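Remarks on the structure that follows.
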Amino acid sequence: MNTNIVKKTKALRKQFIIWLFEHSQRIYTSLFKNHESWNLTKKDLLKLPKPTFGRHLGEFLDTNNFELIPKVERHDCYHVLCNYSTKVEDEIALQCLCFGNGKRSPYLYGAIILGVAILPDYYTYYYKSYKTGKSANAFHHFDYRQLLNVSIQEFRSVIFPKSALINLNLTVA
């Protein structure tokens, strides 16, 4: 098959997943998220000291030109903790990592099932992410609002074994 067609098809599949994420997120949040939002902005987080988890979260938001999404702030925390970008394949891989770590939610199931079905090209990456989550200490249940002032390096070293820190391209102390 023509490599140009393969690339275009992959790009269309990624666009479709982005569309699904954008439209399903609001519906899922309104139906399943009943807790209070953090009421914090990117600017608030950027005022925290450099080595803190919260500062890194603010920098992640700033780099991606995002603000925290009310009631699903934890998701961006996962990105920062695990060093996953916001590319479509990384979003799906992050869900696989969280599944390996014990997180269960309807949204997670949908993201993994549809992600793997629509973008099977990354199956090896998804499986590696799942195994990384499985090898890590549980982190999916934390109240991340309470961890914003914690050292990100210490936090990561408590969560991930040294081999996972290396695989995730995280600083190893």
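The distance between label points at Ser37 and Phe142 comes to 2.3 nm (points 7 Å beyond Cα on the Cα→Cβ vector).
Which residues make up the longest stretch of the chain clear of trypsin sites (Lys or Arg not before Pro) that lie in a DSSP loop with no more than 12 other Cβ atoms within 10 Å, not counting the sites? Walk me through the numbers on the way to the answer.
Numbers: sites that count: Lys47, Lys87, Arg104.
Here the longest segment lacking exposed loop sites spans 105-173.
Straight Cα distances below 22 angstrom link Lys42 to the lysines Lys33, Lys50, Lys71, Lys87, with same-chain residues fewer than 8 positions distant left out.
Within the listed set Tyr78, Tyr107, Tyr130, the Gaussian network model of the chain (springs between alpha-carbon atoms below 10 Å) gives the highest mean-square fluctuation for Tyr107. Projected label points at Arg26 and Thr124, each 7 Å from Cα along the beta carbon direction, are separated by 3.9 nanometres.
Which shape class applies to the stretch 13-98: rounded if a/c is under 1.5, otherwise prolate when a/b exceeds b/c and oblate if not, where a ≥ b ≥ c are the square roots of the Cα gyration tensor eigenvalues? Intermediate results must be reported in sequence, preceding the final value.
Values: a/c = 1.96, a/b = 1.33, b/c = 1.48.
Oblate shape, in that a/c is at least 1.5 and b/c is the bigger or equal ratio.
Spin-label pair Lys50-Thr63: with each label point 7 Å from Cα along the Cα-Cβ axis, the two points sit 1.5 nm from one another. Using θ = phi - 60° in the Karplus curve 6.51 cos²θ - 1.76 cosθ + 1.60, the 3J(HN,Hα) couplings for the stretch 47-60 round to 7, 6, x, 3, x, 7, 4, x, 5, 5, 5, x, 5, 4 Hz; x is entered for Gly and Pro. Going 7 Å from the Cα of Leu114 along its beta-carbon direction, which residues of the stretch 6-29 have the amide nitrogen within less than 16 Å of the resulting point? Only 12-29 fall inside the zone, counting backbone N under 16 Å. Highest GNM mean-square fluctuation among Leu68, Leu45, Leu12, for the chain modelled with Cα contacts below 10 Å: Leu12.
Calculate, for the stretch 68-159, the solvent-accessible area per residue in square angstrom, rolling a 1.4 angstrom probe over the heavy atoms of the protein chains.
Values: 4250 Å² over 92 residues.
With the other protein chains kept in place, the stretch 68-159 gives 46 Å² per residue.
Ranked from largest to smallest solvent-accessible area, with a 1.4 Å probe on the protein heavy atoms, Val6, Val150, Val80 come out as Val6, Val150, Val80.
Ignoring aspartates and glutamates fewer than eight residues from Lys14 along the same chain, the ones with Cα atoms less than 14 angstrom from its Cα are Glu22, Glu89, Asp90, Glu91, Asp121. For a quick check of understanding: with a 1.4 angstrom probe and all protein chains in place, what accessible area in square angstrom does Thr3 have, to the nearest ten? Thr3 exposes around 100 Å² with every protein chain in place. P(r) tail, the chain: Cα-Cα pairs separated by more than 22 Å, 46% of all pairs. Atom-type composition of the exposed protein surface of the stretch 1-132 places 60 percent of the accessible area on carbon and sulfur (1.4 angstrom probe). Between the stretch 106-122 and the stretch 10-69, the alpha-carbon centres lie 19 Å apart.
What's the magnitude of the charge dipole for the stretch 73-154 around its Cα centre, counting Lys and Arg as +1 and Asp and Glu as -1 at the beta-carbon? Answer in Debye, nearest 20.
Charge dipole, the stretch 73-154, about its Cα centre: 280 debye, nearest 20.
Charge tally around Ile18: other residues with Cβ under 15 Å, Lys/Arg +1 each, Asp/Glu -1 each, net +1.
Sequence-ordered 3J(HN,Hα) estimates for the stretch 92-102 from the Karplus curve with 6.51, -1.76 and 1.60 and θ = phi - 60° stand at 5, 4, 5, 5, 5, 4, 5, 4, x, 7, x Hz, glycine and proline given as x. Here the calculated FRET efficiency for Trp19 and Thr86, from their Cβ-Cβ distance with R0 = 22 Å, stands at 0.90, rounded to the nearest 0.05.
The values are calculated or read from the model by the stated rules, or taken from the named source; none is laboratory data. Not measured: the values here are computed from a predicted model. Because the Cβ atoms are built from the backbone with ideal geometry, glycine has one as well, and the counts that use them run over all protein chains shown. For the accessible areas, the whole protein counts, side chains as well, though only heavy atoms, and no ligand, DNA or RNA atoms are used. Shrake-Rupley method; radii C 1.70, N 1.55, O 1.52, S 1.80 Å.
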